[in-house]
Amino acid sequence: MVSLITWHNGEDPNRMDAPTPTTRDVLTQDEAIGRAARVSAVEYDLTLDITQGSPTYRGDVTIRFRLADTAPVFLDFTGKRIERMEVNGTAVEAPAWTGYRLTLDGLGAQNTVHITYENEYDHTGDGFHQFIDPEDGQEYLYTNFEPYSAHRLMPCFDQPDLKATYRLTVSAPAAWQLIANSPAEGTSALPDGRVRTAFERTKPFSTYLLALIAGPYEVFRSQHGTVALGFFARKSLAPHVDQDELFEVTKQGLDFYAEFFDYPYPFGKYDQVFVPEFNAGAMENVAAVTHSERMVFRDPPTENDRLGRAEVILHEMAHMWFGDLVTMKWWNDLWLNESFATYMAYLSLAEATRFTTAWQAFNSGMKNWAYRQDQLVTTHPISGVVADTEQTFLNFDGITYGKGAAVIKQLVAAMGMEGFRAGMRGYFKQHEYGNTTLSQWLDALGQGVGRDLHGWAQAWLETPSLNTIAAEVETDGERISALALRQSAPASYPTLRPHHVELALVREEGARIVIDSVPGNIDGERAEVGSAVGRPAPNFVFPNHNDHAFAKIALDERSLEFVRSSLERVEDPLLRQLIWQTLWNMVRDQQLKSTDYLELAGPKVAMEHDHELVETILSQMTATLARYVPEGRKLQAGHRLFGLCLDALQRTTDPDLRIIWARTLIGVAINPPDIRHCGDLADGKVEIPGLTIDQEMRWSIASRYVAYGVESAAERVAEERRRDPSDRGQRALLRCEVSAPDAAVKQAAWEKFQTGPSAYGSLHLTGAAMSGFHYWAQKDLLQPYVERYFEALPGIFEREEREFSGTYFSSLWPSYLVDRPTLERAQHLLAATPESSTLLRRSLREAIDDLERAVKCREFATS
């Protein structure tokens, strides 16, 4: 192995700069199947040489593997240059490298490949990401590889079913912390003052789970039995780390999973690192989980915020068993990886932590996301075909996470928790450190419950869209004489599925609301519920009590009248939430006018005390205002909602509700007088007892001052930047600058956006600037950019990576326009976009579907 301390700086005859790729950097499933059939017993010895402040790093990797034949095989590698390459001891003078694919020749049954190389850091949140803290100038690095980016760090067989062991050695500044998948086994000082750290060889896992995080992180440590625990955060963020709660949830999760799966935590130590500019919420790297810094609360959080963070912690922890210990063979089963972790996270929240209302949060968050996604034109089966790595994230959506988890929840309700637990225990013992398919998982569960589950899977996992369930009640005086469930499906997706439900029979007894619950099953168009016969006649029937079904619920007129008059009297918060969800679906389906919904919701949410429900209803009211209220009524409706929030703020004594109402108050301030009122709250000119306007709220107010041309906007922005010199403040400042209602500002920003993800230094900074470009109040100023946007999209998606293309599409889509001309322009672009442009077509189809729904809702509201 070549020492990284004595790099040869002259012209090496074997040195090769990366050629410009002529095709996209993807791996197909067929290629992966073919390679996995030939390659086995893979080991990596990787040495990295890191110098503080450098835009590049150097690597030295030795790869050992067995091959079933002697034909050429390829490695995946995207880098700056190859310094030297040897195959089985023979130097390769001209590596066969396309820029992302490196073909190996001269192979035998047992092979050793040695490559030294140089590479550039990434600034898009994927690959090996480099970040400079604007507060203190410190440098931080982290890896993020799912699904296909490990080859941006090193040459490798970058596919999930070629598991390997890894021995990592890193030379880095002495003051830095280094976090990897295994504990350090030794360190040595280098002549230049840096330190070389060698890590233990790991257990086998997939390349996308490899991790290295480096920088002057602050460390928080604890111990749980034999498992060493660590949390890490940037120095400037460390004062906000509430380590007691973080360790508490972590320890509760480790105990719950080890007992539930009857399998101890498999990877020795367990580190969790808060990293900057992270694209996702978190990533389940083996024993070195990375979390977005959004999980560190710089401002006072609500209990809902804390629950959401705990869910992320437990979701990633569940992956240590399901995903890391046992991994899918290919990305077509990514849905199962994520759905299972989501289900287990909420189960553990409810059963092992203080967050006992977690299933209510599941419904308002994950399940609502899934319902929306499953009604888009791009709906797809939970389980589907993923032809190549680029298609992995096409279906990385609410169906993957929310619907999949909801379907698993329903399966567990039908098969029983004990059968599910027994099946999972057998699954981990049988497949530890290996790869599996959906069929093997179903086989394991079937063994746990004693029946074949493949028929259930066909109905639920291999067909798209969702059903609607309604209840039909007949009474004989004061008793139920018949009750039936009726199931329907969209004409384009006519599948009727098996549903195991509970029915809430809701009736009034004097001043009380009484709820009886009876079970029901339906797998066709109609099913009788015999157990309801003879019970007291209800005022209202809701056929998804306790939220086992994944289906929309239809309300008849009698039920709707009960909801209008008495919804707030229903004591069960989950049932209230399910009813609110049904009302929201009625708005989206043009069965309830958006303006009528706001009239109904306003007084009732003001009486609501459940935090989850208040936050959910206000979020839906805000979305209704933004998208579904007719243009001519928007200012008035916004002002009325602002007044509702202000009144609630002045009345509530609940600290969490104050935060929820205040966030919404600022979010719906679209009239300059309302914006000024928010400014007065921030400045202390108007006081509400117990209310503190936190820094995130202050930045939101400042950006509105700028966008709406409110006096003293520049001074307000300068003061907020003085108060907040952090990376958050840096991003907020960019948003404010681009928010200005000034043609020259918009033109300069637009031109910069076209240059790619590093237009403002990194993808996250560029995205922050983009977030200030569009405002409803600036529609006349922004009119020229509508056509420019649609003209630019094909080129952006052709030349840029997925993360930037997605940010560009969503941030610069003219969402403030809800009209048919914009709809027709988008439809025209879709018609002109070739089928080969998969990502752009998917994005366009979803945006068109969402816009068409909003247009119809506005038209319905004026009918």
I want the local charge near ALA532. Using Cβ-Cβ distances under 13 Å, sum +1 for each Lys or Arg and -1 for each Asp or Glu among the other residues. -3
Could you work out the per residue convex hull volume over the alpha carbons of region 419-511, in cubic angstrom? 179 Å³
Rounded, prolate or oblate for region 562-693? Axes are the square roots of the Cα gyration tensor eigenvalues, ordered a ≥ b ≥ c, and the cut-off for rounded is a/c under 1.5. oblate
What is the dipole size for region 519-581, taken about its Cα centre, with +1 at each Lys and Arg Cβ and -1 at each Asp and Glu Cβ, in debye to the nearest 20? 120 debye
What does the C-alpha gyration tensor say about the overall shape of region 552-629? Classify as rounded when a/c is under 1.5, otherwise prolate if a/b is larger than b/c, or oblate. oblate
Would you mind working out the magnitude of the charge dipole of region 591-654 relative to its Cα centre, with +1 at each Lys and Arg C-beta and -1 at each Asp and Glu C-beta, to the nearest 20 Debye? 360 debye
Beyond 19 Å between alpha-carbons counts as too far, so tell me which of LYS251/LYS403; LYS593/LYS634; LYS251/LYS429; LYS329/LYS429 fall in that bin. LYS251/LYS403; LYS251/LYS429
Please compute the Cα-Cα pair-distance distribution of the chain with 10 Å bins starting at 0, giving whole percents from short to long. 2, 11, 20, 25, 21, 13, 5, 1, 0, 0
Electrostatic dipole magnitude of the chain [Cβ: Lys, Arg +1; Asp, Glu -1; Cα centre; debye, to 20]: 540 debye
Spread of Cα-to-Cα distances over 5 Å intervals beginning at zero, given as percent, for region 370-429: 4, 16, 20, 17, 16, 15, 10, 2, 0
Divide by every residue of the chain the summed helix terms, -39500 (n - 2.57) for each DSSP H run of at least 4, and state the resulting mean residue ellipticity at 222 nm, rounded to the nearest 500 deg cm²/dmol. -12500 deg cm²/dmol
Classify region 13-170: rounded, prolate or oblate, from the alpha-carbon gyration tensor (a ≥ b ≥ c, eigenvalue square roots; a/c under 1.5 rounded; otherwise prolate if a/b is larger than b/c)? prolate
For region 629-738, the per residue accessible area (1.4 Å probe, Å²) is 43 Å²
Which of SER726, TYR371, VAL87 sits farthest toward the positive end of the charge dipole of the chain, with +1 on the Cβ of Lys and Arg and -1 on the Cβ of Asp and Glu? TYR371
Between 0 and 90°, nearest 10: helix 695-707 axis offset from the chain longest Cα axis: 80 degrees
Taking just the alpha-carbon atoms of region 450-604, what radius of gyration and Dmax come out, in angstrom? 16.2, 52
Going by accessible area, probe 1.4 Å, with all protein chains left in place, what is the ranking of ARG84, ARG194, largest first? ARG84, ARG194
Taking region 661-783, the equivalent ellipsoid from its C-alpha gyration tensor has semi-axes in Å, biggest first, of 26, 17, 11
Charge-dipole axis of the chain as Lys and Arg at +1 and Asp and Glu at -1 on Cβ define it, positive-most pick from PHE642, SER171, THR98: PHE642
Using the alpha-carbon atoms, what tilt in degrees (0 to 90, nearest 10) does helix 573-588 show relative to the longest principal axis of the chain? 90 degrees
Starting from the residue with the highest accessible area, list MET417, MET366, MET621 in decreasing order, probe 1.4 Å. MET417, MET366, MET621
quick shape note, region 119-166: Cα extents on principal axes in Å, largest first -> 42, 20, 17
Using modelled amide H (1.01 Å from N, peptide plane; none on Pro or chain starts), what sits under 5 Å from the amide H of ARG81, excluding residues fewer than 5 places away? ALA18, GLU118
Using a 1.4 Å probe on the protein heavy atoms, what percent of the accessible area of the chain belongs to carbon and sulfur? 50 percent
Once amide H atoms are built 1.01 Å from N in the peptide plane, which residues 5 or more positions from ARG101, or in another chain, come under 5 Å H to H? PHE77
Surface accessible to a 1.4 Å probe, PHE753 within the full protein complex, Å²: 0 Å²
Give me the percent relative contact order of region 503-650, please, defined on Cα pairs under 8 angstrom at least 6 residues apart. 16 percent
Relative to the longest principal axis of the C-alpha atoms of the chain, give the angle of the C-alpha long axis of helix 303-321, reported between 0 and 90° and rounded to the nearest 10°. 50 degrees
Along the positive direction of the dipole of the chain (beta-carbon charges: Lys, Arg +1; Asp, Glu -1; about the Cα centre), which of SER488, VAL529, THR302 reaches farthest? SER488
With a 1.4 Å probe and all protein chains in place, put HIS828, HIS431 in order of accessible area, largest first. HIS828, HIS431
Stokes-Einstein D in µm²/s, Kirkwood radius over Cα pairs - region 339-402 at 4 °C with 1.567 mPa s viscosity: 101 µm²/s
Bin width 5 Å, origin at 0, all Cα-Cα pairs of region 263-387: what percent of pairs per bin? 2, 10, 17, 20, 23, 17, 9, 3, 1, 0
Exposure of ARG101 as accessible area (Å², to 10), given a probe of 1.4 Å and all protein chains: 40 Å²
Can you pull the accessible area of CYS678 for me, 1.4 Å probe, Å² to the nearest 10? 0 Å²
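The values are calculated or read from the model by the stated rules, or taken from the named source; none is laboratory data. Remember, it's a predicted structure, so these values are computed and weren't measured experimentally. Here the Cβ is made from the backbone with ideal geometry for all residues, glycine too, and neighbour counts use every protein chain on show. Protein only, heavy atoms only, side chains kept; ligands, DNA and RNA dropped before computing areas. Shrake-Rupley method; radii C 1.70, N 1.55, O 1.52, S 1.80 Å.
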